[in-house]
1. Against the longest alpha carbon principal axis of the chain, how many degrees, from 0 to 90 and to the nearest 10, is the axis of helix 58-69 turned?
2. Peptides 55-68, 132-145: what's the order by average Cβ count within 10 Å, highest mean first?
3. Percent relative contact order of region 272-373, based on C-alpha pairs within less than 8 angstrom and at least six residues apart?
4. Taking the Cα atoms only, what angle lies between the long axis of helix 177-208 and the longest principal axis of the chain, rounded to 10 degrees?
5. In the chain, what percent of the accessible surface is made up of carbon and sulfur (1.4 Å probe, ligands and nucleic acids excluded)?
6. What is the packing order of peptides 297-303, 105-111, taking the mean over residues of other C-beta atoms within 10 Å and listing the highest first?
7. Leaving out ligands and nucleic acids, and using a 1.4 Å probe, what accessible area per residue does the chain come to in Å²?
8. Using R₀ = 56 Å, calculate the FRET efficiency as 1/(1 + (r/R₀)^6) where r is the Cβ-Cβ separation of Val133 and Tyr283; round to 0.05.
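The values are calculated or read from the model by the stated rules, or taken from the named source; none is laboratory data. Since we're looking at a predicted model, the values are computed, not measured. We place every Cβ from the backbone using ideal geometry, glycine too, and count neighbours over all the protein chains shown. Surface areas here come from the heavy atoms of the whole protein model, side chains and all, with no ligands, DNA or RNA. Shrake-Rupley method; radii C 1.70, N 1.55, O 1.52, S 1.80 Å.
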Amino acid sequence: MNIIRYIIQKEFRQIFRNKAMLPIIFMMPLIQLIILSNAATFEIKNIKFGYIDNNKTPYSRELAEKFNASTYFNVLSDFPSAKMAKSAMLNGDVDVILEIPQYFDRNLVREKKTYLSVTINAIDGAAAGVENVYVTQIIQQFNKNVQVDLMLYDTVNDRPQTIETIPLFWYNETLNYKTFMVPGILVLLVTMITLFLSGMNVVREKEIGTLEQINVTPIKKFQFIIGKLFPFLVLGLVLLTVGLIIAKLLFNVPIIGSIFLMYGYTVVYILVILGIGLFISNYTDTQQQAMFIAWFFMVIFILMSGLFTPIESMPHWAQLLTEFNPIKYFVQVMRMVMLKGAGFTDILPQLAKTFLYAVAMNGLAVMSYKKFT
């Protein structure tokens, strides 16, 4: 144990002696958490909206005012013609164009129906889908108000029956996107720091020549690896602690579940990442190589983790590949424990898979590490 303790002391001293590395370890992740949590959102706001009012009646003006009152739309212009509106969309000046037909109010009163033309810039398909939902909701609400105003039906039995839904939002009552994103971004930062530092640590020893000196000492392989990786386990837990404090104080993200359960799972997860980092370092000779390979796998893991896009929307073959993605399980556990208050039995499937992953990766890392005695 003394040998392991001396190696751990050496690693901590090396970390804190490197003044240039300390801001990268502690300050950059916190800045990234604050910036990404505010910037990484799929909420569509300030939609550039234009309309063509060929009717110019109180009903058409009321419909246009509905969009103007919405917090999602920024009504820019009332175009005099469809040609000018399409030209504005081509130049990127508007995202959504609503065209109100000439006999809009007459058709509502006489024929009990009418048509509206909505043109949406769909270069970004996901954004266009959300914009279409917003437009449809406003038009439906307007249509409901018109039915009441016009008294379309005279008898009590023939009056339109309205079904109102009262939604109940669990786990995120305010529908705040930051509540969804902050746990995932916290996972991302803990993963990146521990993977990059552990991956480059052993390689750095190779570059400066101290690894050969350590290899000829009586230090056993497991003692060297434990002493090398333990400091980064501690750093990962420290980053998680600071990140949770920021999430609670700055973003007001609820932490419903057990903190101890969260930390217990994080220890197992960080062991997976440290094993991957050590495995990479065993097959690289420079820090640049280790950084490149670690970033290559990191990008794949992030994109297929369910952090930004739902796994259920991926092709079936991609969903099968996510079963080998440790970040996926950490994202799920963080959101389950923090937002849903999940217990040990709830996260047991993710914990079991992560533990097996940790055993496999650290086993491969130890076997691939060559110590010459």
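1. 20 degrees
2. Working: 55-68: 16.0, 132-145: 14.4.
Put in order of decreasing packing, that is 55-68, 132-145.
3. This gives 45 percent for region 272-373.
4. Once rounded, one gets 30 degrees.
5. Details: 13360 of 20930 Å².
That fraction is 64 percent.
6. 297-303, 105-111
7. Solvent-accessible surface per residue comes out at 56 Å².
8. 0.70
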